[in-house]
1. What share of Cα pairs, in percent, lie more than 32 angstrom apart in chain B?
2. Which aspartates and glutamates, on any chain, are close to residue A:39 with Cα under 18 Å apart, when same-chain ones fewer than 8 places away are left out?
3. Give me the percent of DSSP beta bridges within chain A that run antiparallel, rounded to the nearest 5.
4. Over all distinct Cα pairs, what is the inverse of the mean 1/r for region B:137-259, reported as the Kirkwood hydrodynamic radius in Å?
5. To one decimal place, what orientation-averaged projected area in nm² is obtained for the convex hull of the Cα set of region A:40-130?
6. Given region A:1-86, report the % of alpha carbon pairs whose separation exceeds 14 Å.
7. Between residue B:404 and residue B:49, what FRET efficiency comes out of the Förster formula 1/(1 + (r/R0)^6) with R0 = 45 Å and r the beta carbon distance, rounded to 0.05?
8. Cα-Cα pairs above 48 Å in the protein assembly as shown: how many percent?
Amino acid sequence: MGVFKNTAQMYEVLGELWTGLLEHPESGPKMKQAGLTVKYNLTDPDGTLWITPDGVKTGDQNFKADVEMNLAADIAHKFWLKQITLPAAMAKRLITSKGSMDKVMKLLPLLGPNYENYPKLCAKYGLPKE
Amino acid sequence: MEYLELDMNLTDEQIALKKAVHKFAKEVIRPAAIQLDALADPGDVLKKESIYWDVMGQMKKLGYHTVFIPEHFGGMGLSPLELHIFWEEIAWGSAGFAVSLGVDTFPSFFASLIGEDALIKNIVEPFVNDTGCNFIGCWAITEPDHGSDMLVAGTPYFHDPKITGNVRARREGDGWVINGQKSAWVSNGTHATHALLFLNIDQSMGMAGGGIAIIPLDLPGISRGKPLNKLGQRELPQGEIIFDNVRIPGWCMVAEPDTYEAMLDMTLATANACMGAFFTGVARAAFEEALTYSRERVQGGKLLCEHQLVQKKLFEMFMKVETCRAISRKAMVYNLSNTPPRTEYSIASKVYCTQAAFEVAHEAVQLFGGYGVSKEYHIEKLFRDTRSALIEDGSNDVLGLAAAEAILRNYGA
Ligand SMILES: Cc1cc2nc3c(=O)[nH]c(=O)nc-3n(C[C@H](O)[C@H](O)[C@H](O)COP(=O)(O)OP(=O)(O)OC[C@H]3O[C@@H](n4cnc5c(N)ncnc54)[C@H](O)[C@@H]3O)c2cc1C
């Protein structure tokens, strides 16, 4: 049994996380300025999350992704809890990506608020932190 | 001499990048490489007054050392296609300088990918801000007893506990202690200030039990060998690095056995993709030498280029250069845009381009006749440079075996 009950819960938690980042006073404007559309293809539960300069979207959409990340929902959970690093996850094939590394790297320094907020969201939605 | 750009989608900035780097390669890199190649003692390449320092220093001032480093860390952050354009031009000027600058970037490029604070502060920032050759990187993997064994993951013996690396790290407190020796083939090993060091941690796993450390090379217990005397790419200083109870802090170890094999594969995919771009540039340089000479030299009352046999040879050289660019651009763009990479395409690029560059240089020497083997002409250097490339960054035979295994595993699966 995975961390998220179902796709709807995963969308709710991760949607709130990313919306928070896009509205963050420092990272938000920079995220929008970077102008990148990132598509997360998640499995167990299955779902698609789009982070665009105009907000977070879910499911099938007609956008063109600059970067696409494929990963299990549990790996996303571990990543935001800082239990796994991006290079290690990529090396172990737990995350695969499409899109130039430079674009992925552009976003990394802006993600700080997500690391702070995710444990709070876990508490709010009753997700395990171990 | 400008080639026809077949990619009609290059932007004005990309065309400007190509022109600017080509101008620098022509006016600065190539004349210096020819001068350094002629030095009898390879130690003289690194003398204080050597032009090597001047060229590397100029590249640092232009920010060329930061092409792989993302913009938000202060680098040029070139796209995969721009990286290809950049490296082809640099290597057109000199394969040796391309390799020297290429491995210079390795420790910081790796550190920027991992992105941890200590690595950014201690490695990436000082590297990016260096304009005076105070921070020079190298990639130390080959050992006196292990070349192909170390470089290529996925071979049948990679997990054999009887075959392990000589440079080993053991944990001590929060850090690590390193012992062993890297071979004289380490490019920039003679003078690098930092290394991306591939080593062994868990001998019971064979070569797969490796680790990767990014370390300063001024630590107590590190010593160097003499600069290597060799056939080609003589402007590239190479030398061994010896580790005697060298203590490093924990943050320096960026990969341990759990991720080592995959990291090695990703490193090879990047390095081989670069080699493909480099030797597209070198093949083109050799072809252009042949073309120019054939338009000047008269035999049998006609210019060489007016003889049909020569025309056919020129066409074959031209075709190889264009094929090099086609495969090496695609392989670099694909593998720097996808994780995990499809390493067999980087290997195909490296093996094809180095072999083609060697064949083009070989045919060009033939076209020059006796002058082709004289030190007076640049083609003689290009011929030697391309010969080394068939071994550099993996012997083409062994790389081919590794690629074949990946093809059997992936193609149509
Ligand atoms: C110009 C140049 C620059 C270099 N720069 C660097 C650098 O920056 N850093 C670094 O660490 N190293 C560097 N190297 C070293 C290079 O990576 C090695 O030379 C290369 O990996 C081959 O290893 P080796 O020389 O030990 O040959 P070996 O591995 O001993 O191979 C010898 C021969 O045996 C063949 N062979 C080996 N294994 C097999 C097998 N399983 N089956 C069939 N045949 C086999 C090979 O094809 C080769 O023909 C450089 C080398 C050169 C020439």
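Every read-out reported here was derived from the displayed coordinates using simple, explicitly stated rules and does not represent laboratory data. Source: prediction; values computed, not measured. Every residue, glycine among them, receives a Cβ derived from its backbone with ideal geometry; neighbour counts consider all protein chains shown.
1. 34
2. The qualifying aspartates and glutamates are A:12, A:16, A:54, A:60, A:66, A:68, A:74, A:102.
3. Values: 13 of 19 bridges.
Counting only bridges with both partners in chain A, antiparallel ones make up about 70 percent.
4. Numbers: mean 1/r = 0.0691 Å⁻¹.
Hydrodynamic radius (Kirkwood, Cα only) of region B:137-259 equals 14.5 Å.
5. Working: hull surface 25.2 nm².
For region A:40-130, averaging the hull's shadow over all directions gives 6.3 nm².
6. Values: 2315 of 3655 pairs.
That tail contains 63 percent of the Cα-Cα pairs.
7. On the way: r = 48 Å, r/R0 = 1.07.
Efficiency, from the Cβ-Cβ distance: 0.40.
8. Details: 19301 of 147153 pairs.
Taking all Cα-Cα pairs of the protein assembly as shown, the fraction more than 48 Å apart is 13 percent.
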